[in-house]
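Trainee: Please see the structure below; I have some questions.
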Amino acid sequence: ATVGVGRPVVLAGHSYGGGAAARAAADNPSAVSRLVLVSPDVEWSVARRCWSIPTLLIWNKYDPINPYIWTSRWSGHPNLTIHTETEGGHMLLEKHAPVIASWLAEQEAKDAAGAAAAGSKVDGAAAAPETEK
């Protein structure tokens, strides 16, 4: 799937839209760089197929539509961040914007640090002196 025209994209969704975003990511993990979900309706089997994708879950502890216990469907995800709210119910709130922006910036910094470390290993390997036989 050519979702990002050669570049992985950030997928985001809320409630049923979060489930749709997670299913799209699970079906095309190499096309998705990040997953941002607010109270998503996602089955465990779909969540597990998203484990290769850094994921931010924003969930209200008292969500009357998609219960907070559903965060357990993501248990074991190696690069998961859960941001828990206590007000706003099932709503996507304006105050989520800085949470999302901060998390995305953290992920970019991790990628940059990983690329720099990988680059120094490659540079170091290329600069290693050859031994005579």
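Trainee: Could you work out [θ]222 nm for the chain from helices alone, using -39500 (n - 2.57) per DSSP H run of at least four and dividing by all its residues? Round to the nearest 500 deg cm²/dmol.
Mentor: Working: 3 runs with 49 residues, N = 133.
Calculated at 222 nm, the ellipticity per residue is -12500 deg cm²/dmol.
Trainee: Quick one: what are the phi-derived ³J(HN,Hα) couplings along the range 50-56, Karplus 6.51/-1.76/1.60 with θ = phi - 60°, whole Hz, x for glycine and proline?
Mentor: Working through the residues one at a time gives 9, 5, 7, 10, x, 10, 10 Hz.
Trainee: Of the heavy-atom accessible surface of the chain (probe 1.4 angstrom), what whole percent is carbon and sulfur? Could the numbers behind the result be given before it?
Mentor: Values: 4590 of 7870 Å².
The value for the chain is 58 percent carbon and sulfur by accessible area.
Trainee: Would you please give the FRET efficiency between L93 and A113, computed as 1/(1 + (r/R0)^6) with r the Cβ-Cβ distance and R0 = 41 Å, to the nearest 0.05? Intermediate results must be reported in sequence, preceding the final value.
Mentor: On the way: r = 31 Å, r/R0 = 0.75.
It comes out at approximately 0.85.
Trainee: Tell me the angle of helix 96-127 to the major Cα principal axis of the chain, expressed in degrees between 0 and 90 and rounded to the nearest ten.
Mentor: Here the helix axis deviates by roughly 20 degrees.
Trainee: Right, another one. Might you tell me the accessible area per residue for the chain, computed with a 1.4 Å probe and given in Å²? If you can, show how the numbers build up before the last one.
Mentor: Numbers: 7870 Å² over 133 residues.
Per residue, the chain has 59 Å² of solvent-accessible surface.
Trainee: Rounding to the nearest 10 and keeping the result within 0 to 90°, find how far the Cα-based axis of helix 16-27 lies from the longest principal axis of the chain.
Mentor: That works out to roughly 30 degrees.
Trainee: Turning to a different aspect of this structure: Let me see the P(r) profile for the chain: every Cα-Cα distance counted, bins of 10 Å, each bin given as a percent of all pairs.
Mentor: It works out to 12, 38, 28, 11, 7, 3, 1, 0, in whole percents.
Trainee: Using only protein heavy atoms and a 1.4 Å probe, report how much of I65 is accessible, in Å² to the nearest 10.
Mentor: Rounded to the nearest 10, the figure is 100 Å².
Trainee: Another question, if that's okay. Roughly how many debye, to the nearest 20, is the charge dipole of the chain about its Cα centre, given +1 on each Lys and Arg Cβ, -1 on each Asp and Glu Cβ, and no other charges? Can you show the working numbers first?
Mentor: Working: 11 positive and 13 negative charges, 52 e Å.
Using Cβ point charges on Lys, Arg, Asp and Glu, the chain gives about 240 debye.
Trainee: While we're looking at this one, here's another question. Among I69, A116, L93, pick out the residue whose Cα is farthest towards the positive end of the charge dipole of the chain, where Lys and Arg carry +1 and Asp and Glu carry -1 on C-beta, about the Cα centre.
Mentor: I69
Trainee: Please report the orientation-averaged projected area of the range 1-72, defined via the convex hull of its C-alpha atoms, in nm². Write down the numbers at each step before the final one.
Mentor: Details: hull surface 16.8 nm².
Mean projected area of the Cα convex hull: 4.2 nm².
The values are calculated or read from the model by the stated rules, or taken from the named source; none is laboratory data. This is a predicted model, so every value here is computed, not measured. As a convention, Cβ positions derive from the backbone with ideal geometry for all residues, glycine included, and neighbour counts pool all protein chains shown. The accessibility values were calculated without ligands, DNA or RNA, using every heavy atom of the protein model including side chains. Shrake-Rupley method; radii C 1.70, N 1.55, O 1.52, S 1.80 Å.
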